[in-house]
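The next block holds one structure in the form of structure tokens; read it before the comments.
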Amino acid sequence: MWQTLIAVIGTLAGVGMTSGYQARAARTARRNADRTAGLDAVTALVEALAAHRRAMWLREDLRLRGEDWAEARIESHTTRSAVTGPLLKVQLLMPAVGPQAQNAARATYALRGAPDGSGLAARREAAIAACDSLVAAAGRHLT
């Protein structure tokens, strides 16, 4: 009788330990998946912002020089649309860096309507700095 009781208790203890290890492994896997998804979202956003920043620079440079900028305008609309999805993902997956993501997007959008070439260059530098701030915030959040 005691042998049976000891065997049952041993089996239950083994099941409990195994369940604990499985739960811990599942939490670790989920945490890693969340980190990977967040990193992918930030990467996509920074890439989209860089593409839009480049398109806006070309567009506004043409506008300021008085040249035809119709094609550049179409391109800038395309690149701006490409920012929306990654921006939303960052805000949903990493709410702690959402404000920095919004600031980086706003700074990039601000290239529009620059008064002159030096103003355009200053706005571009501000957009780059805002993206750098986003990357730093994401790095702190992921570590």
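The values are calculated or read from the model by the stated rules, or taken from the named source; none is laboratory data. Quick caveat, the model's predicted, so the values are computed rather than measured. Neighbour counts run over all protein chains shown; Cβ positions are idealised from the backbone, glycine included.
For this structure, a couple of remarks:
- Boolean, Leu5 is assigned to a helix (DSSP H, G or I), at pLDDT 95 or above and surrounded by fewer than 17 Cβ atoms within 10 Å (Cβ to Cβ): no
- Applying the criterion of being part of a loop (DSSP other than H, G, I, E, B) and of a type in the set (D, E, K, R) to the residues of the range 56-73, the residue that is nearest to Arg123 (Cα to Cα) is Arg65.
- Considering Gly139, Gly113, the condition of being surrounded by fewer than 14 Cβ atoms within 10 Å (Cβ to Cβ) and in contact with an Asp or Glu (Cβ under 8 Å, 6 or more places away or on another chain) is satisfied by Gly113 alone.
- Single residue of Gly117, Gly98, Gly85, Gly113 found to be in contact (Cβ under 8 Å) with a residue 12 or more places away in the chain and under 24 Å from Leu39 (Cα atoms): Gly85
- Only one of Ser133, Ser76 that is surrounded by fewer than 18 Cβ atoms within 10 Å (Cβ to Cβ), polar (S, T, N, Q) and assigned to a helix (DSSP H, G or I): Ser133
- Only a single criterion out of (1) within 23 Å of Gly38 (Cβ to Cβ); (2) among the hydrophobic types (A, V, I, L, M, F, W, C); (3) crowded, with 17+ Cβ neighbours inside 10 Å is not satisfied by Ala50, namely (3).
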